[in-house]
1. Among residues belonging to region 86-95 that are surrounded by 13 or more Cβ atoms within 10 Å (Cβ to Cβ) and more than 27 Å from Gln201 (Cα to Cα), point out the one that is nearest to the ligand (Cβ to nearest atom).
2. Look at Ile55 and say whether it is outside any helix (DSSP H, G or I) and either more than 13 Å from the ligand (Cβ to nearest atom) or surrounded by fewer than 19 Cβ atoms within 10 Å (Cβ to Cβ) (or both).
3. Test each condition in (1) over 19 Å from the mean Cα position of the chain (by Cα); (2) in a helix (DSSP H, G or I); (3) more than 8 Å from the ligand (Cβ to nearest atom) for Arg23 and report the one that comes out false.
4. Here are the criteria: (1) within 21 Å of the chain's Cα centre (by Cα); (2) away from the ligand (no atom under 11 Å from the Cβ); (3) outside any helix (DSSP H, G or I). Tell me which single one Phe61 does not satisfy.
5. Given (1) among the hydroxyl-bearing types (Ser, Thr, Tyr); (2) closer than 24 Å to Arg173 by Cβ; (3) away from the ligand (no atom under 15 Å from the Cβ), identify the lone condition not met by Thr124.
6. Examine region 140-162 for a residue that is within 16 Å of the ligand (Cβ to nearest atom) and not acidic (Asp, Glu), and state whether such a residue exists.
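We did not get these values from a lab; they are worked out from the coordinates using the rules stated. Bear in mind the structure is a predicted one, so any value in this text is a computation, not a measurement. Methodologically, a virtual Cβ is constructed for each residue, glycine included, from the backbone with ideal geometry; neighbour enumeration extends over all protein chains shown.
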Amino acid sequence: MSIVTPPPAVPRHLAIIMDGNGRWAAQRKRPRMIGHRAGARAVNTCIDFCLERGIAALTLFAFSSENWGRPEEEVGALMKLFLNALEREVDELHRRGVRVRFIGERQRFSDAIRARMQHAESLTAGNTRLHLGIAASYGGRQDIAHAARSLAEDVAAGRLRPEDIDESVFGTRVALADLPPPDLFIRTGGDIRISNFLLWQLAYTELWFTDILWPEFDASALQAALQAYASRERRYGLTSAQLAQGAAALSEVSAR
Ligand code: FPP
């Protein structure tokens with residue numbers, strides 16, 4: 001039996017639902033948009049932290065498919081914030097070796113935002129220090145449905161046999177298929193749910209929830225999450241005794 005090293009104590013891939021911007025603003029009797037702006041600053045803190053700690057991938061839920069249903073004024077202001085952030089931050093991210101990629105239904109955004117997304121992706125495509133994934137107009141069920149559709153198209157065209165579709169083939173068609181799945185998921189803002197984020201990819205992810213509102217989520221809060229993560233035993237359906245022996249099967253299940 002080969003000895004397999006368990007996943008490292010620092011997550012390779014961190015996925016975050018950044019919740020609580022609106023409540024943070026309400027506590028200060030300010031418009032919700034002030035909370036989103038403060039949230040954008042917290043995004044920078046989080047990127048700095050990942051770069052310092054050598055975390056390889058960070059995926060942020062910036063805007064869900066369902067968020068289009070928010071009041072028109074808030075959606076419009078969020079779009080302006082995204083566009084400004086793209087214009088302002090991308091060169092600096094590139095300079096620091098960050099690769100930027102967007103997942104979600106890009107066609108729902110304006111031409112200006114789509115062009116900026118495209119520019120950010122092509123400018124930073126060769127970077128390897130940190131992979132920054134931004135989920136925008138993203139939904140986990142939508143992601144899985146797209147994967148199913150793409151497989152069905154291959155079957156209909158005779159490129160794939162139904163019996164060849166298994167978890168590993170399916171996994172190549174969902175978003176971020178070229179990255180290890182998230183090791184650690186964080187949700188700020190007090191709610192204990194996944195809210196249609198990365199449903200396929202989170203199957204074996206460690207989950208961590210905090211009441212801290214996103215604009216106040218800083219390096220010490222991130223450190224607390226990492227500490228909790230380091231103390232978890234990731235068994236992937238195996239037993240503690242098997243893990244202690246270094247079960248060969250661990251490498252197979254943890255790669256999913
Ligand atoms: C959830 O808080 C947050 C959002 C829907 C928007 C997230 C956007 C940012 C953090 C700002 C910019 C991001 C990037 C990537 C530039 P909420 O509005 O649901 O808060 P609430 O639950 O307190 O109302």
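1. At the first step, the residues of region 86-95 found to be surrounded by 13 or more Cβ atoms within 10 Å (Cβ to Cβ) are 86-87, 89-90, 93-94.
Going one step further and asking which of them are more than 27 Å from Gln201 (Cα to Cα), we end up with 87, 89.
On the way: Glu87: 11, Glu89: 8 Å.
So, considering only residues that are surrounded by 13 or more Cβ atoms within 10 Å (Cβ to Cβ) and more than 27 Å from Gln201 (Cα to Cα), the one nearest to the ligand (Cβ to nearest atom) is Glu89.
2. Working: outside any helix (DSSP H, G or I): yes; either more than 13 Å from the ligand (Cβ to nearest atom) or surrounded by fewer than 19 Cβ atoms within 10 Å (Cβ to Cβ) (or both): yes.
So Ile55 fits the description; yes.
3. The one condition Arg23 does not meet is (3).
4. (2)
5. With (1) among the hydroxyl-bearing types (Ser, Thr, Tyr); (2) closer than 24 Å to Arg173 by Cβ; (3) away from the ligand (no atom under 15 Å from the Cβ) applied to Thr124, the lone miss is (3).
6. Step one: filter region 140-162 for residues within 16 Å of the ligand (Cβ to nearest atom), giving 140.
Those still in the list that are not acidic (Asp, Glu) too: 140.
So far as region 140-162 goes, yes, one or more of its residues are within 16 Å of the ligand (Cβ to nearest atom) and not acidic (Asp, Glu).
Okay, residues lined up against (1) within 11 Å of the ligand (Cβ to nearest atom); (2) assigned to a helix (DSSP H, G or I); (3) in contact with a strand residue (DSSP E or B) (Cβ under 9 Å, 6 or more places away or on another chain); (4) closer than 18 Å to Ser137 by Cα:
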residue: Ala9; (1), (2), (3), (4): no, no, no, no
residue: Asp19; (1), (2), (3), (4): yes, no, yes, yes
residue: Arg37; (1), (2), (3), (4): yes, yes, no, no
residue: Asp48; (1), (2), (3), (4): no, yes, no, no
residue: Leu51; (1), (2), (3), (4): no, yes, yes, no
residue: Glu66; (1), (2), (3), (4): yes, yes, no, yes
residue: Leu78; (1), (2), (3), (4): yes, yes, yes, yes
residue: Phe82; (1), (2), (3), (4): yes, yes, yes, yes
